[in-house]
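The values are calculated or read from the model by the stated rules, or taken from the named source; none is laboratory data. Remember, it's a predicted structure, so these values are computed and weren't measured experimentally. Please note: Cβ atoms are built from the backbone with ideal geometry, for glycine as well, and neighbour counts cover all protein chains shown. Heavy atoms of the whole protein, side chains included, go into the accessibility calculation; ligands, DNA and RNA do not. Shrake-Rupley method; radii C 1.70, N 1.55, O 1.52, S 1.80 Å.
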Amino acid sequence: MSPGRLPPEFFERPTLQVAESLVGHTLYRQTPEGLVAGRLVEVEAYCGPADPNSHAFRRTPRSAIMYGPPGILYVYLTYGMHHCSNIVCEADGTAGAVLMRAVEPLEGLELMAARRGVTDPKLLAKGPGRLCRAFGLSREDNGTDLASGGVWVGRDRRLEGLVRTSYRIGVDATTDFPWRFYEPGPWTSGRKNPPSPARPELDAPIG
DNA sequence: GACACGATGGGCT
DNA sequence: GCCCATCGTGTCT
């Protein structure tokens, strides 16, 4: 069932590199209620002080976790009712995280549907807030170690197409970088799929 | 303390 | 496409 976990070393790399290579891997979540799993089809890279749109642009009590060791879950609340979950990247001391925006549901669809209140598989985990709801992730899961906790990423990868890039969702594109990595398809939150980068000079790792 | 504001999503037009 | 709920977090006084 589970192919084993990606090790912390996988996440101890440049955030952009982790984000690109994370697409296609499976996210798992084990709780007393059961197991749910989904293939990551859409992620976004958020870097440190050089990324104005990242929480880690400034180091605060909330964003401090992004400066910590890699392979740790960073979950926060937004709009008072939705959660967003990230995986901390880079070496301890360097800020960076990958926001998980959408998965293709693979296992535990009934549990996801119960948590979400919908049954359409295409709506179960499309969007960061829906993904968190479907996987039962909340602020209580902030700080979970993917190497030992009830959340992990499988040592697997399946791609059904090319991994494409675009500007990130929900931030002003004129101040943004094309750091969204996604596999186009029915599972991706593509409602406002921005076009491919128009500023290739920015399409390079920072730091 | 007070206050403005979201790395969103559901409902309605 | 437009509206807006809802509350933790960060910033300012």
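Scanning the range A:131-185 for residues that are assigned to a helix (DSSP H, G or I), in contact (Cβ under 8 Å) with a residue 40 or more places away in the chain, open to solvent by 30 Å² or more (accessible area, probe 1.4 Å) and more than 16 Å from DNA strand C (Cβ to nearest atom) returns a single hit, A:Thr175. Taking the stated definitions as given, is A:Gly136 within 9 Å of DNA strand B (Cβ to nearest atom) and among the small types (Gly, Ala, Ser)? When the stated conditions are applied, A:Gly136 does not pass them. Residue check: A:Leu77 meets all listed conditions (1) more than 10 Å from DNA strand C (Cβ to nearest atom); (2) open to solvent by 40 Å² or more (accessible area, probe 1.4 Å); (3) farther than 15 Å from A:Phe10 by Cα but one, namely (1). When A:Arg101 is tested against (1) assigned to a helix (DSSP H, G or I); (2) within 9 Å of DNA strand B (Cβ to nearest atom), only condition (1) is not met.
Return yes or no: is A:His55 in contact with a strand residue (DSSP E or B) (Cβ under 8 Å, 6 or more places away or on another chain), open to solvent by 10 Å² or more (accessible area, probe 1.4 Å), at pLDDT 95 or above and away from DNA strand B (no atom under 13 Å from the Cβ)?
When the stated conditions are applied, A:His55 does not pass them.
Residues of the range A:56-70 that are of a type in the set (Ser, Thr, Tyr) and closer than 17 Å to A:Asp141 by Cα: A:Ser63 alone. Does A:Ala64 count as open to solvent by less than 40 Å² (accessible area, probe 1.4 Å), within 16 Å of DNA strand C (Cβ to nearest atom) and in a loop (DSSP other than H, G, I, E, B)? Taking the combined requirement at face value, the residue does not satisfy it.
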